[in-house]
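Reading through the C-alpha cells given below for one structure.
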Amino acid sequence: MKTGILVCCFLALALGTRADAADCIKNSDGNVVCGKGQCEMDQYGAVSCAKEGGGAIKDEYGNVKCGVGHCAKDDRGRIRCSTRPGGGAAMDSNGQVKCLGGCRDATQQLCEKPR
C-alpha cells in the first residue's frame, strides 16, 4: 500500500515535468555550456548533454550516459531512464527504478555535445 501511494505521487509529479527544460553547467575550462536536456561532466571534464527532455547521469566509471527521459540508478548501479521525454524516474523502496512510460537503459549514444 505504501509503495503504491509513493509511486502514484511520483507519477503525478512526473506528469508536471516540462519536457523542454534545458541545462547549463561550467565545463573544465570554466566556460558555461548548455544542452537541450540535462548535462553532466565526465571523469575527464568533458560535458555531455541529453536531448530535449532527457536525463544525463554518470555511471560507476565516470562516463556520462543519457536517456530519453529523466534517469535514476538502481541499487546495483544500473542507470534506467524514462522512455518519455520529460518523464520521471526514481528508485523505489526495493531498490528498483520506476519510470513514467516504462524504463530503458541509459546509453552514451543518446547524449549529445553541449552548445
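The values are calculated or read from the model by the stated rules, or taken from the named source; none is laboratory data. As the structure is a prediction and not an experimental result, all values here were calculated from the model. Every residue, glycine among them, receives a Cβ derived from its backbone with ideal geometry; neighbour counts consider all protein chains shown.
For segment 73-88, a residue qualifies if it is under 15 Å from Gly37 (Cα atoms) and part of a strand (DSSP E or B), and the qualifying residues are Cys81, Ser82. Within the bounds of segment 28-36, is there any residue that is touching a residue at least 40 places away in the same chain (Cβ under 8 Å) and acidic (Asp, Glu)? No: segment 28-36 contains no residue that is touching a residue at least 40 places away in the same chain (Cβ under 8 Å) and acidic (Asp, Glu).
Quick check on segment 36-44. Is at least one of its residues touching an Asp or Glu at 6+ places or on another chain (Cβ under 8 Å), modelled with pLDDT of 50 or more, assigned to a strand (DSSP E or B) and exposed (fewer than 14 other Cβ atoms within 10 Å of the Cβ)? No, segment 36-44 has no match at all. If you go through segment 72-87 one residue at a time, do you hit one that is polar (S, T, N, Q), modelled with pLDDT of 95 or more and buried (at least 17 other Cβ atoms within 10 Å of the Cβ)? Yes, segment 72-87 contains a residue that is polar (S, T, N, Q), modelled with pLDDT of 95 or more and buried (at least 17 other Cβ atoms within 10 Å of the Cβ). Scanning segment 21-74 for residues that are of a type in the set (Val, Ile, Thr) and farther than 13 Å from Ala106 by Cα returns Ile25, Val32, Val33, Val47. Being closer than 28 Å to Tyr44 by Cα and either free of Cβ contacts under 8 Å to residues at least 40 places away in the same chain or basic (Lys, Arg) (or both): is that true of Arg76 here? So Arg76 fits the description; yes. When the residues of segment 89-108 are filtered to those that are outside any strand (DSSP E or B) and among the hydrophobic types (A, V, I, L, M, F, W, C), the one that is surrounded by the most Cβ atoms within 10 Å (Cβ to Cβ) is Ala106.
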